Amino acid sequence: MSALAEYLASSKKSERLAALSRLLPDELDLALLRDLLIIGLDADECIELLRICQPENKIAFEYLVMEGVALWDQNVAAFALRQWVAKTDCRLWYFAVAILRSPLLSQRLRYTILEISPAFAGKQVVEIVLEAEGIEDLSPTFYGLLL
């Protein structure tokens, strides 16, 4: 049985994670990744799926990440943003800038976008962060990143 079939057939998280560790990147296409991320898996599985994925269609992967940032657990979303920078050309960077403008964005995701911003629109991201309301409530680590 292939690692993918084993993963899909397993009902226990530990078995699924073990199967994922044997999954080859070419076994996980983007459509399946999208479906798996929608069904409410826990953060560990979502992160592992995003780590494994080696998208052939980089723009589709970028769109998946930008769409998912608003929907996923913040740990998954932060990891997905880092994978976006590592695995694509960041052509949809303007989505990250738009997400950054949301007053509902968690500090963790705001920090992640700021941290990865040199890969796409660093100066613009810093300006948006500095203009945001509540900047005085940010953590010392966040201030350190701004400097």
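Quick note: the coordinates plus some simple rules give every number you see, no bench work behind them. Predicted model only: the values in this text are computed from it and were never measured. In this analysis, Cβ positions are derived from the backbone assuming ideal geometry, glycine residues included, and neighbour counts consider all displayed protein chains.
If you place +1 on the Cβ of every Lys and Arg, -1 on the Cβ of every Asp and Glu, and leave all else neutral, what size is the dipole of region 1-89 about its Cα centre, to the nearest 20 Debye?
The dipole magnitude comes to about 160 debye.
Counting Lys and Arg as +1 and Asp and Glu as -1, what is the net charge of the other residues whose Cβ lies under 11 Å from the Cβ of L100?
Overall, the nearby charge balance is 0.
Cα convex hull of region 63-106: how many Å³ per residue?
Each residue corresponds to 60 Å³ of Cα convex hull volume.
Measuring from the lowest to the highest alpha carbon on each principal axis, how far does region 1-44 reach, largest first, in angstroms?
Principal-axis extents of the Cα atoms in region 1-44, largest first: 23, 22, 16 Å.
Which of R110, R91 comes first, and how do the rest follow, when ranked by fewest Cβ neighbours within 10 Å?
In increasing order of surrounding Cβ atoms, one gets R91, R110.
Let me check I have the definition right: for the chain, take the eigenvalues of the Cα gyration tensor, multiply each by 5, take square roots. What are those semi-axes in whole Å, largest first?
With the √(5λ) rule applied to the chain, the semi-axes are 31, 16, 12 Å.
Could you please rank I52, I113, placing first whichever residue has the fewest other Cβ atoms within 10 Å of its Cβ?
Ascending number of Cβ neighbours within 10 Å: I52, I113.
Listing C90, C46 from the residue with the fewest other Cβ atoms within 10 Å to the one with the most, what is the order?
By the 10 Å Cβ count, ascending, the order reads C90, C46.
What Kirkwood Rh does region 10-69 have if only Cα atoms enter the pairwise 1/r average? Answer in Å.
Every distinct Cα pair counted, the radius reaches 11.9 Å.
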